[in-house]
1. Using Cα pairs closer than 8 Å and at least 6 residues apart in sequence, work out the relative contact order for segment A:464-534, in percent.
2. Assuming R0 = 30 Å, what is the FRET efficiency of residue A:129 and residue A:897, from their Cβ-Cβ distance, to the nearest 0.05?
3. Could you rank the peptides A:227-240, A:12-25 by their average count of other C-beta atoms within 10 Å per residue, with the highest value first?
4. Over all distinct alpha-carbon pairs, what is the Kirkwood Rh of segment B:13-73 in angstrom?
5. Would you mind pulling out the separation of the Cα centroids of segment A:266-327 and segment A:236-255, in Å?
6. At what distance in angstrom do the alpha carbon centres of segment A:349-426 and segment B:38-87 lie from each other?
7. As a test of the formula, what do you get for chain B when each DSSP H run with n ≥ 4 contributes -39,500 (n - 2.57) and the sum is divided by the residue count, at 222 nm and rounded to the nearest 500 deg cm²/dmol?
8. If you project the alpha carbons of segment A:638-775 onto their three principal axes, what span does each projection cover, largest first, in Å?
């Protein structure tokens, strides 16, 4: 259809608004309350226009177009009215642009500029009221125009449900919770309100006075924290070589939303504690060395050791934190130069069971569907995932789906915060996922809720699994898992009756000795229900790190080359030998991470080349890990900060971080996303691909890594599923693999229409195995571990960024009120937690998130981290440690001051 | 967190919180439960204590900001304990032109109270409202549920007198 604006005809589509058409054609209409994300609200009246045949003025932001409509936006009457609205808004508070953070991007300032409003013709009403109580966000009430965008964003976009409108009439104001200071409220400081605010009412505290929007260079890139892969814009002060502010990009996967770490945890890149120069340990002390010195020394030591004992005494670790290119570089070096497959990375400690389990069942070990499909599903089944803390942006989607009517079932031993939004919270005992799920499937089959056709056509062994599951009665499952039979029946019914079910899981599933079985059982469930290969369905592991998916994709694994080409398959080996121009690649599978370490004590591993992996703090049973690390002949650590592992290193090499080189990360829905260089690396820090190239030269091998892009292209030449992804194609938005050719649009959904990568889906028979270390009289409590919202892994990034540590300064041991009462422990008391492997002393947090008998703490703080206690028992398929369950005893050390608890939904004391 | 204050009628508020929990739970599954629950709370305590706000938010699974937003939007709800008698003076247009402001001034003087305040003996709370929908009777004041019509400043003393003598409704009753 056509509509007329200012007597000129423009094409328009059904459902569009007058504002949409005007904006598309570069016609400015002032808007203040309207935002594409929060939708039409027609509150502020600044966007009024006159329409032929309609009385009065119309708000263009919610006026749907009609064929032949004639709109005027520039008449004197319209302009006068718009001007009056803006004039009144100016007088409602105190809008002074001179020192305002928002100056230059303020939409009120824009309106004034376009309408020629210099100052209000009324008197303004400054109150001077500001709320600066929050660590990261400032509310300047004098600049609030009550447009409601922040309230809509907080409640319907990120669904943190903190901001609201209070009072009425002239007194109407935005407020947090029950009108308390933001810093005391349940606000998780994701900054969505700041991003949506059209004026200077909500601004970032830490970038105050550090540069206005227009004078900073904007660099689009990918977030360096969790696996969601949020797209963000870094606002960079080039002269100071610093990031000053971070905003979310309104593209998939995050649509502008970020979490507190992504938005406010960025200063680590400029921390003075960064590693800047190569260091060599001499007489027990790390001394500065030149790159040549360090690399010569490393090459010499490798040559000597490998020459004497063979290539398998060399092991290397890639990382889920570094880029695809750098992971590829380290795996190529290990395989092509050293000729061993001893290459692994930290997926071993988290989602290796996912890769193994899903590859076994479906033929591909990655998430089957995309993040945005969560909004289209009918039932979301969350199991073993504390997503509001570990994957906040995914949790926004889940919460929003629940708000829009999707059913949400949350299964977890702890009452994690996402349970707050669930229709049904199922508290099962730690490590009883297999019997619980088998019981559900038994019930589903008993009632005929399975997708018989899917099972028959798309799976290999449907009858076998049906017979196998007959023995797993729901009563038996209930007894083991502690979930009442009635609840189990309810869950089974909900699963059976929903037309679309999406399963989301995290490390609560994988970090058990039966991790791979747990994953296979989830795959069984979805195959029985037939919820695979369709939009809004699937089995979706939430990958933990920014690039742990990519590290797997790049072949930083002992059994596969990049793109999962088997490292023990003769054809694949020959392909690589030919392309890489080398011969004699190893024919046998390499060591997995724990094996590399175990072998150190018996002389099987002599050299460990460790990139971006704080092994000492992240492996279970720290005392044992230290013994193993100390037993190594030679340890090289490439990292950005000194950490517990660098202490033991013979050579430390300084790495670049996420904004100091270009490259790519693959996120949890297989999306390869671009990273751009925004600042210069400190000192002599170099990217890993450069280090590998230089080391290769010392072995007379040219690895051909002249840039990150060269490394990527080197990978792509022999790549399969990523063969079609080039830097050019992902400049604006990422591509999801499989993407085999440069014409291929990428694959949002795997196994489409039930056509599995491996052909037909394969059911597995899984049995219950209890955790390796059960609580007993001496060690009566189960300790489970995980991540906090405010910190990330060994906290080198989050503790070196300003503010996060102020919010959450030390680790807390979560204890149930039941147990706390018996031990006479209250929140704030110091307690000693002891397992058979070590002791830590930390503060207690009495919370009903933990059920009786279960305690919890994280591994972020090296002063008191969970891995001193955790058990080095491993999943027998993938050697993933059982971080989620070990036995401890607790002893009260001293009384502390109880912190006031106000029913915080998020994990803070 | 502010602890519940002793209420004006001397009832034990701990007991009332338990009673409130029952009420909230009984409304839990009903759509649009928030306002009825807040009305019940207001009747139960004579105001809406902080602890009740947290309980309502928790059991009804509504954001605190929404509960608080509704409470502060409607003048019927009060965050402070109110006296036994709530006097509300209509300041709607009709009442205003008929002299409501003078009536208000008289009330302020006689009670020695400002708007929103409660007398030390917890007998009266003075408040204002916007249009009670009875403009034909302007100016009007309401004392609890009683409507007083065509009020003149000189009537104020007599009206107050009747309540000083009378035994009014007991708080803790849920209507």
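None of the figures in this text is laboratory data; all of them are computed from the coordinates on show. Here the structure is a predicted model, which is why all the values come from computation and not from measurement. Every residue, glycine among them, receives a Cβ derived from its backbone with ideal geometry; neighbour counts consider all protein chains shown.
1. 20 percent
2. That pair, residue A:129 with residue A:897, gives E of 0.45.
3. Per-residue Cβ counts within 10 Å, averaged per peptide and sorted highest first, yield A:227-240, A:12-25.
4. 11.2 Å
5. Segment A:266-327 and segment A:236-255 have Cα centres spaced 30 Å from each other.
6. 36 Å
7. My calculation for chain B gives -13000 deg cm²/dmol from helical runs alone.
8. Principal-axis extents of the Cα atoms in segment A:638-775, largest first: 56, 52, 33 Å.
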